[in-house]
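To start, the structure itself, in structure tokens.
Throughout, read-outs are computed from the coordinates displayed, never taken from laboratory work. Source: prediction; values computed, not measured. Methodologically, a virtual Cβ is constructed for each residue, glycine included, from the backbone with ideal geometry; neighbour enumeration extends over all protein chains shown.
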Amino acid sequence: MHFSVILRVTGILLSLFSLTMLLPMAVAWLYNETTISAFAVAFGITAGVGLLLSTLVRSGADLRSRDGFLITVLFYVGLGTFGALPLWLIDGAALSITDAIFESLSGLTTTGATVMTGLDDLPRSILFYRQFLQWLGGMGIIVLAVAILPMLGIGGMQLYRAESPGPVKDTKLTPRITETAKALWYIYLGMTVLCAICYSAAGMDAFDAICHSFSTVAIGGFSTHDASLGYFDSTGVEFVAMFFMIFAAINFGLHFAAISRRRPNYYTRDWEVRAMLGTLTLVSSLVCLILYRNPEITDHPFRDGIFQAVSIATTTGFTTANFSLWPSVAPVLLLLAAFAGGCAGSTAGGLKMVRVLLIYLQGLREVRRLIHPSGVFPVKLGNATVSDRVMGAVWGFFAAYVLIFLIMLCAIMLFSDVDFITAFSAVGACLNNLGPGLGDVALNYAGQTTTTKWILILAMLLGRLEIFTLLVLLTPAFWRR
Amino acid sequence: MKILILGAGQVGSTLAENLAQEAFDITIVDQNPARLAELRDRLDIQTVEGQASHPDVLRRAGADDTDMLIAVTNSDEVNMVACQVCYSLYRTPTKIARIRNAAFHGRDGFFSQDHMPIDVLINPEEAVTTRIKQLLEHPGALQVVDFADGAVQLVGMKAFYGGPLVGHELSFLREHMPQADTRVAAIYRRGTSIAPRGDTVVEPDDEVFFIAATKHINAVMSEFRKVERPYKRIVIAGGGNIGLSLARSIEDKFSVKVIEYSPERCQKIAERLDHAVVLHGDATDKDLMLEENIEHTDMFCALTNDDEVNIMSSLLAKQLGARQVMTLIGKPAYVDLVQGGEIDIAISPQQATTSSLLSHVRRGDVARAHTLRRGAAEAMEVIAHGDARVVGKAIGDIDLPNGVTIGAIVRGKEVLIAHDNVVVEPEDHVILFMVDKTRVRAVEKLFQVGFGFF
């Protein structure tokens with residue numbers, strides 16, 4: 001462990017991050033808002049600490065891959081904390097330190113759970129800042145998931161890379177990580193620009209279009225309105241949102257391969273994408289059916305059903321209707337679909353589709369083994385065989401996910417007086433980086449106790465860092481030299 | 001004709017044996033002196049010891065005045081380099097090579113004079129696989145071979161009680177099935193051939209060879225025996241190259257199980273197969289067979305590389321209730337021993353390979369040739385050019401040697417079953433059946449473009 005060099009890297013990251021506060025400052029200046037001072041102070045503090053760390057600590061040591069765990073966690077915790085500064089400093093918003101950190105981490109992890117209400121009346125610079133945090137978070141996640149976590153030996157992407165069939169198989173996308181990150185950044189940026197243009201063509205004003213494009217491609221779910229996308233009440237907007245949510249929930253490595261080689265059929269050949277589209281279709285049809293049979297709920301069951309299914313199942317969390325009030329199994333079904341989430345290596349949260357797919361295939365294999373006791377059945381994804389080592393990792397991840405979910409569920413019910421549905425959906429929504437839950441947290445998390453919020457902050461972090469990155473820090477063996 | 005064979009493995013030695021009997025000058029090259037000595041003692045051939053791809057070895061083997069090179073060593077790469085060397089240094093006219101690895105196949109223009117100069121690629125595993133596949137598609141057939149790109153097929157089968165034609169004269173066939181034209185090319189009764197004529201009565205247990213357009217094959221077959229249900233459930237014993245490639249090519253159409261002994265190989269083939277079930281176990285394990293419902297299996301194919309295991313497992317499968325069994329047998333001596341007994345079909349890999357090479361060593365314009373009945377009989381598709389002796393004659397007037405039948409003529413896309421009044425035109429593909437290989441020379445003469453016409 002090289003603490004000095006780790007601190008130094010964190011310092012550099014912080015100073016870079018401080019620059020991003022200049023953008024909301026510009027927005028505040030543009031709209032002539034008083035929040036400009038808060039952003040200026042936050043910028044000053046973040047930049048100061050960052051520069052202090054990066055210049056004071058001098059070290060020539062090289063980073064080892066084990067240091068990566070600590071850096072990744074510090075990166076999220078550090079940015080989450082310093083990113084909370086503007087929200088905490090602004091008078092109008094009046095957020096406690098817990099709320100500010102909750103909001104900022106919810107943004108950076110692209111969860112989209114909010115404690116803020118009355119969004120429509122807030123200064124535009126703050127709204128912009130929240131959306132911008134999600135966008136940054138989304139970009140961080142992709143680089144993290146596609147480039148950094150595999151180096152640490154964790155995560156869906158490594159599994160994806162090693163075991164998936166076809167184009168992405170043996171590629172580190174480009175020979176160098178910086179190049180990979182750059183390529184991914186271009187795709188991400190291009191997608192955002194395209195999304196913003198589509199939104200504005202669908203009728204949003206420029207500010208809303210840009211802000212919503214940020215949270216759409218990041219699969220975040222923050223909105224500039226309390227009513228979320230329901231505010232616009234436009235089929236066009238919902239259609240654009242759905243398209244980009246699905247697009248952003250696809251592995252960015254696959255995007256890279258498909259775009260750089262101009263082969264759109266890579267998408268249809270990919271089993272994870274197929275599984276995701278299949279799940280989306282299934283869930284939407286079920287939800288539509290339920291809505292159709294209860295005509296008193298909504299006037300347009302298919303529009304609402306499909307949009308809500310896509311938004312929740314990709315773990316985005318935009319809403320056009322309060323789905324927590326929908327009848328029968330619909331809300332639970334949506335929440336469960338969010339557990340499967342999007343593809344590995346995308347901005348979506350959840351268990352990741354490829355893991356769910358592998359667990360399903362493994363189940364199928366056990367059945368076939370019972371029928372043919374002497375049979376040899378490898379788990380295959382397309383044409384490629386998944387090694388037992390990877391299957392073990394997937395099961396380990398699944399077990400840890402479930403266990404952590406249960407522990408947090410119990411903890412929330414122990415420390416604060418909430419009903420089971422609320423606790424269940426709150427932990428689920430945060431661990432899956434989804435956002436809105438059911439019951440008391442259907443709209444926002446403002447009513448929850450401080451303890452609950454801290455547990456949920458931990459849930460968001462764990463979900464985003466694929467659990468083991470954070471969990472490994474909690475083991476004594478990690479700290480032993 | 002001088003033929004140079006590289007590699008004295010199974011395929012190489014069988015080829016040498018077959019061709020040496022037919023008055024070709026054979027030289028065979030191999031690195032193993034013991035194997036060469038054994039061949040030299042048995043056959044009238046020349047042998048050269050050494051690495052088959054080296055120019056000096058090839059020169060010693062007489063590559064500079066060889067008419068045909070057949071490279072069948074174990075290694076694809078050695079075969080390719082040998083062909084390249086012979087082409088570049090010795091200008092050998094015809095180069096045939098065995099290329100096993102599928103990665104080399106299907107690359108357009110790769111095997112051409114400008115790049116890798118190989119004229120004919122052979123792949124024994126593929127040849128065997130195709131042969132088995134055709135048998136699976138025609139339940140009840142002992143042998144199925146293609147002519148004219150699959151438009152015409154020659155089928156060998158056993159006549160059984162219950163077939164409408166059994167016990168009747170052959171001419172009854174035309175009355176009974178006017179829509180499906182066919183020609184019976186040969187009938188073998190108790191191992192000897194009898195010339196099929198209109199008044200020949202088909203007896204049960206006769207081995208009948210007939211030629212018909214591919215779409216009529218199943219209808220004609222049903223004349224000689226009760227209609228067989230199509231095969232559905234196939235068990236393949238042995239997951240070697242042949243077993244795997246067969247399983248891969250049929251797993252979409254049939255329900256396939258593959259039994260393989262080595263756990264590593266099991267893993268490997270399981271990875272390459274999509275629907276087929278791979279079972280780890282011994283091909284002769286009775287309990288495993290029972291567990292996997294051998295009694296409901298339509299066809300049990302024993303395709304391991306061990307003749308004895310193949311025979312024993314086939315016998316066991318048959319005893320346990322498999323509907324039909326097929327056995328891959330390398331040793332020629334075993335083939336005659338088992339076929340026609342408990343084992344329904346015996347397949348010889350060497351025969352399949354030799355078959356695929358035959359058309360290239362025949363004189364005259366032979367589009368395709370197949371060996372039948374363990375190499376004793378032969379069927380050929382010959383192109384009749386302008387001034388050959390057969391052209392312009394009605395089939396009934398052609399003076400065919402004994403034991404040779406013309407089965408069909410393919411003119412463009414049209415299939416004409418050979419009745420006596422059909423006249424052979426130039427560029428017709430004539431499909432002939434010879435009960436005995438010794439008739440080949442006489443047939444070649446019929447189709448030779450004679451000097452006298454100039």
key: Ratio of the Cα radius of gyration of the stretch B:345-454 to 2.2 N^0.38 Å, where N counts its residues   = 1.06
inquiry  = Per residue of the stretch B:7-22, what does 6.51 cos²θ - 1.76 cosθ + 1.60 with θ = phi - 60° give for ³J(HN,Hα)? Whole Hz please, x for Gly and Pro, Karplus curve as stated.
reply    = x, 10, x, 4, 5, x, 6, 5, 4, 4, 4, 4, 6, 5, 5, 9
ask   = Can you work out ³J(HN,Hα) from phi for every residue in the stretch B:31-41, in order, using Karplus 6.51 cos²θ - 1.76 cosθ + 1.60 and θ = phi - 60°, giving whole Hz and x for Gly and Pro?
value = 8, 9, x, 5, 5, 5, 4, 4, 5, 5, 5
remark   = If the chain between B:ALA102 and B:GLU137 were fully extended at 0.36 nm per residue, the gain over the current Cα-Cα distance would be 10.2 nm
Given charges at Cβ of Lys, Arg, Asp, Glu: chain B dipole, positive-most of B:ALA52, B:ASN402, B:HIS360 = B:ASN402
Cα coordinate range in the stretch B:319-389, projected on the principal axes (Å, largest first) = 58, 22, 15
query = Going out from 0 in 10 Å bins, what whole percent of all Cα-Cα distances in chain A drops into each bin?
reply = 4, 20, 32, 28, 13, 3, 1, 0
inquiry  = Helix-only estimate, please: 222 nm mean residue ellipticity of the protein assembly as shown, summing -39500 (n - 2.57) across DSSP H runs of length 4 or more and dividing by its residues, to the nearest 500.
reply    = -15000 deg cm²/dmol
remark   = Row for chain B, column shape: gyration tensor on C-alpha, a ≥ b ≥ c, rounded if a/c < 1.5 i.e. under 1.5, prolate if a/b over b/c, else oblate; value oblate
ask   = Any idea what the relative contact order of chain A is, in percent, if you count C-alpha pairs under 8 Å spaced at least 6 apart?
value = 17
note = Under the rule rounded for a/c under 1.5, else prolate if a/b exceeds b/c, else oblate, using alpha carbon gyration tensor axes a ≥ b ≥ c, the stretch B:233-351 is classed as prolate
note = In the structure shown, of B:LYS95/B:LYS253; B:LYS257/B:LYS437; B:LYS331/B:LYS413; B:LYS232/B:LYS268; B:LYS95/B:LYS413; B:LYS95/B:LYS268, the pairs separated by more than 32 angstrom at the C-alpha atoms are B:LYS95/B:LYS253; B:LYS257/B:LYS437; B:LYS331/B:LYS413; B:LYS95/B:LYS268
remark   = Two pseudo-spin positions, 7 Å from Cα along C-beta at A:THR55 and at B:LEU290, lie apart in nanometres by 8.6
query = How many angstrom separate the Cα center of the stretch B:76-147 from the Cα center of the stretch B:148-223?
reply = 33
task = Tell me which residues come under 5 Å, amide H to amide H, from B:THR327 once H is placed; ignore anything under 5 positions away on its chain.
result = B:ALA302, B:ILE345, B:ALA346, B:ILE347
task = Once you have a ≥ b ≥ c as the square roots of the Cα gyration tensor eigenvalues for the stretch A:1-132, tell me rounded if a/c is under 1.5, and otherwise prolate or oblate according to whether a/b is larger than b/c.
result = prolate
remark   = Correct semi-axes for the protein assembly as shown, from √(5λ) of the alpha-carbon gyration tensor and rounded to whole Å with the largest first, are 74, 31, 26
inquiry  = Given Cβ point charges of +1 (Lys, Arg) and -1 (Asp, Glu) and nothing else, what value in debye, to the nearest 20, does the dipole of the stretch B:358-453 about its Cα centre take?
reply    = 460
remark   = Non-local residues with an amide H under 5 Å from the amide H of B:ARG183, with H modelled 1.01 Å from N and Pro and chain starts lacking one, are B:ILE211
inquiry  = About the Cα centre, and with charges only on the beta carbon of Lys, Arg (+1) and Asp, Glu (-1), how big is the dipole of the stretch B:311-405? Nearest 20 debye, please.
reply    = 240
key: Distance between modelled label sites at A:SER96 and A:TRP395, nm, 7 Å Cα→Cβ extension   = 4.4
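What does the charge dipole of the protein assembly as shown about its Cα centre add up to, to the nearest 20 debye, if the Cβ of each Lys and Arg holds +1 and the Cβ of each Asp and Glu holds -1?
1560
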inquiry  = Let me confirm one metric for peptide A:364-373, namely the mean number of other chain beta-carbon atoms within 10 Å of its residues' beta-carbons.
reply    = 2
ask   = Which value does Rg/Rh take for the stretch B:2-122 over its C-alpha atoms, Rh per Kirkwood?
value = 0.95
message = Averaged over its residues, how many other protein chain Cβ atoms are within 10 Å of peptide A:378-387's Cβ atoms?
response = 3
ask   = Which residues' amide hydrogens lie under 5 Å from the amide hydrogen of B:LYS95, considering only partners 5 or more residues apart or on another chain, with H built in the peptide plane?
value = B:LEU69, B:ASP119, B:VAL120
query = For B:275-285, what's the mean count of beta carbons from other chains sitting within 10 Å of each residue's beta carbon?
reply = 3
remark   = So the FRET efficiency between B:LYS445 and B:TYR161, C-beta based with R0 = 41 Å and rounded to 0.05, is 0.45
